[in-house]
1. Residue by residue through the stretch 88-98, what is 3J(HN,Hα) from phi via Karplus (6.51 cos²θ - 1.76 cosθ + 1.60, θ = phi - 60°)? Round to whole Hz and write x for glycine and proline.
2. Convert each backbone phi in the stretch 111-125 into a coupling constant with the Karplus relation 6.51 cos²θ - 1.76 cosθ + 1.60 (shift: θ = phi - 60°), then list the ³J(HN,Hα) values in order as whole Hz, x for Gly and Pro.
3. Give a residue-ordered list of calculated ³J(HN,Hα) values for the stretch 47-60 (Karplus: 6.51 cos²θ - 1.76 cosθ + 1.60, θ = phi - 60°; whole Hz; x for Gly, Pro).
4. Over all pairs of distinct alpha carbons, what does the Kirkwood formula give as the hydrodynamic radius of the chain, in Å?
5. Please enumerate, by chain and number, the aspartates and glutamates with C-alpha under 13 Å from the C-alpha of K54, excluding those fewer than 8 residues away in the same chain.
6. Sequence-distant or interchain residues sharing an amide H contact under 5 Å with V5, placed H: which?
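What follows is calculated from the coordinates using simple rules that are stated; it is not laboratory data. Worth saying up front: this structure is predicted, and the values here are computed from it rather than measured.
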Amino acid sequence: LLKGVIGVSGPYDVEQLGRATLVGGLPMVIPAFGPDASVWREASPEHHLKKARKVPPFLLAWADGDPELLRRDGPRLARALERRGHPVSTFQTSFDDHFSVITDFGGVDNPLAARVLELIRASAR
């Protein structure tokens, strides 16, 4: 049973990413999902929200230094979840880039790690 979803700096709109040649979308999308844009759409979580009755709590986080497309995808998915009444919280880290948001995760007093632990503790109840 899935108790929660923690997404960090994710490309949640795979279809948009595949079309975003300026940020190198195709070289990332095609190896993972192939060249068919309809498959990209199916791989995007928002596409499945219309059918979902119950969705576990989401924590969507991104870094100030993420590429713009990723900084937009987190809030966009959060709004889609909220519109459908699903539980979601967001967190934007400051002064991180796409890699340090993960590599610094285990650091002492990391605020993102604290939020992740809150979600884990809440889901264990």
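1. So the Karplus estimates, Gly and Pro as x, are 8, 10, 10, 8, 10, 7, 9, 6, 10, 10, 4 Hz.
2. Going residue by residue, I get x, 5, 4, 4, 5, 4, 4, 4, 5, 5, 4, 5, 6, 7, 6 Hz, with x marking Gly and Pro.
3. These are the phi-based 3J(HN,Hα) values: 4, 9, 5, 4, 8, 6, 8, 10, 10, x, x, 10, 10, 10 Hz.
4. Details: mean 1/r = 0.0650 Å⁻¹.
About 15.4 Å for the chain.
5. Excluding near neighbours in sequence, the set is E82.
6. For V5, whose amide H was placed from the backbone, the distant partners under 5 Å are F58, L59.
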